[in-house]
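Structure, as structure tokens:
The values are calculated or read from the model by the stated rules, or taken from the named source; none is laboratory data. Quantities reported herein were computed from a predicted structural model and do not represent experimental measurements. Positions of Cβ are generated from backbone atoms using ideal geometry, with glycine treated the same way; all protein chains shown enter the neighbour counts.
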Amino acid sequence: MSTKKSQSIQSSQMMNVIQGSNTLTKLFCCLTIVVLICILIGNYAFKNGMLTCDHYVFNTYLYIILGILLMFVVVLVNDQTGLFNSLIFWMSSGGMGRIIITFIVILALLFGLTFALLAVDPKNILASNSIWLLLILVIGFLLIPTIWFGRLTDVVGLAGILTILITLVVGIAGYYYGDKIITFDWDYYLNIALWILIAIIIIVPFFLSTSEQMYNFVLVVSFISLLIFVLLLLSNHKKLKENSEKCIDGKAVPNYPVESYGLIIKIVNVFQDLIRILGMTKGRKGLKR
């Protein structure tokens, strides 16, 4: 009974935050920029109806910006319509078992779509872009609970600014100095660390008995995850430079959906980790007062 009451209070608080957020105006602005980005992609990523290697880095970042905007469109559409609210509350309110199972199912869906994106021929523009779009929409859906938490703790703006700064600094470092910074294949070890972290996230919560233990666990995991994804982001920018130099029209077909998705998933995880870290530390300080 108390759990249902608590969920009702949280839902009410969330709706109060959303109702005062000028959702329709934000949605219109996002969609307007989406249209402009699509026009730019049509002008710069294609030449004579074919994908071109010209402006490789610029085109990749156009896809990145488009993907991030589409994710926020999903969040804003949910703000306006409540389309996914019932599903999200159901997923998060059935105890630890349901949450873990849901996490595994979503993880499997993401890996399945990612495999499909990597496997499809980049010349098949419709298929590759459709899979990319589906991945972006799924990630947008997964962002909704994180954005809710960030709004309740009022850290979304700060997390967004920090994510942009980290992406710019790490991106420049990786693009221009990646060869000097990365002297071995650290992606291999970082990916192993990421898989270990995922296993820990799935297993350890079953052995935590207090909210204090769960708080400390989530905070530590968020810091570790942030470090892993920042380092992967640096490595991805090194690869972005290498791929741009290798891509020559007539010899290779650029795969902007794959190139951009590799960066988007790191940027989104950095953003989510920052929201959790900032929101949890701010919430703890508020409770101490």
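Key figures
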{"quantity": "Any chance L69 is part of a helix (DSSP H, G or I), touching a Cys at 6+ places or on another chain (Cβ under 7 Å) and more than 17 Å from C247 (Cα to Cα)", "calculated": "yes"}
{"quantity": "Any pair with Cβ under 8 angstrom, 6 or more apart, that starts in the range 206-222 at a residue that is more than 14 Å from G279 (Cβ to Cβ) and ends at one that is at pLDDT below 90 and outside any helix (DSSP H, G or I)", "calculated": "M214/L208; F217/L208"}
{"quantity": "Matching residues in the range 102-119 - criterion: being surrounded by 15 or more Cβ atoms within 10 Å (Cβ to Cβ) and within 10 Å of V258 (Cα to Cα)", "calculated": "T114, L117"}
{"quantity": "Boolean, I18 is outside any strand (DSSP E or B), at pLDDT 95 or above and out of contact with any Pro (no Cβ under 8 Å at 6 or more places or on another chain)", "calculated": "no"}
{"quantity": "Inter-residue pairs, beta-carbon under 9 Å, first of a type in the set (S, T, N, Q) and in the range 120-144, second crowded, with 18+ Cβ neighbours inside 10 Å and in a helix (DSSP H, G or I), 6+ apart", "calculated": "S128/L117; S128/Y256; S128/P257; S128/V258; N129/Y256; N129/P257"}
{"quantity": "Residues located in the range 24-65, provided they are in a helix (DSSP H, G or I), within 17 Å of G262 (Cβ to Cβ), of a type outside the set (V, I, T) and touching a Phe, Trp or Tyr at 6+ places or on another chain (Cβ under 9 Å)", "calculated": "Y56, F58, N59, L62, Y63"}
{"quantity": "Residue, farthest from G250 (Cα to Cα), within the range 37-53, restricted to residues that are aliphatic (A, V, I, L, M) and within 22 Å of the chain's Cα centre (by Cα)", "calculated": "I37"}
{"quantity": "Answer residue from the range 221-259, given it is of a type in the set (V, I, T) and over 16 Å from I166 (Cα atoms) and is surrounded by the fewest Cβ atoms within 10 Å (Cβ to Cβ) among those", "calculated": "I248"}
{"quantity": "Search result, residues across the range 170-201 that are exposed (fewer than 12 other Cβ atoms within 10 Å of the Cβ) and either of a type in the set (S, T, N, Q) or touching a residue at least 60 places away in the same chain (Cβ under 8 Å) (or both)", "calculated": "T183"}
{"quantity": "Residue count, the range 154-169 (criterion: farther than 24 Å from V258 by Cα and surrounded by fewer than 19 Cβ atoms within 10 Å (Cβ to Cβ))", "calculated": "5"}
{"quantity": "Unique residue being farther than 25 Å from I68 by Cβ and charged (D, E, K, R) when the list is D154, D185", "calculated": "D185"}
{"quantity": "For L134: the one exception among (1) assigned to a helix (DSSP H, G or I); (2) at pLDDT below 95", "calculated": "(2)"}
{"quantity": "Hits in the range 55-84 (condition: more than 30 Å from L40 (Cα to Cα) and crowded, with 17+ Cβ neighbours inside 10 Å)", "calculated": "F84"}
{"quantity": "Tally, over the range 35-53, of residues that are surrounded by 16 or more Cβ atoms within 10 Å (Cβ to Cβ) and within 23 Å of V75 (Cα to Cα)", "calculated": "1"}
{"quantity": "Test: residue in the range 173-186 that is outside any helix (DSSP H, G or I), in contact with a helix residue (DSSP H, G or I) (Cβ under 7 Å, 6 or more places away or on another chain) and more than 28 Å from L133 (Cα to Cα)", "calculated": "yes"}
{"quantity": "Condition broken by I147, with the remaining ones in (1) surrounded by fewer than 19 Cβ atoms within 10 Å (Cβ to Cβ); (2) in a helix (DSSP H, G or I); (3) not hydroxyl-bearing (S, T, Y) satisfied", "calculated": "(1)"}
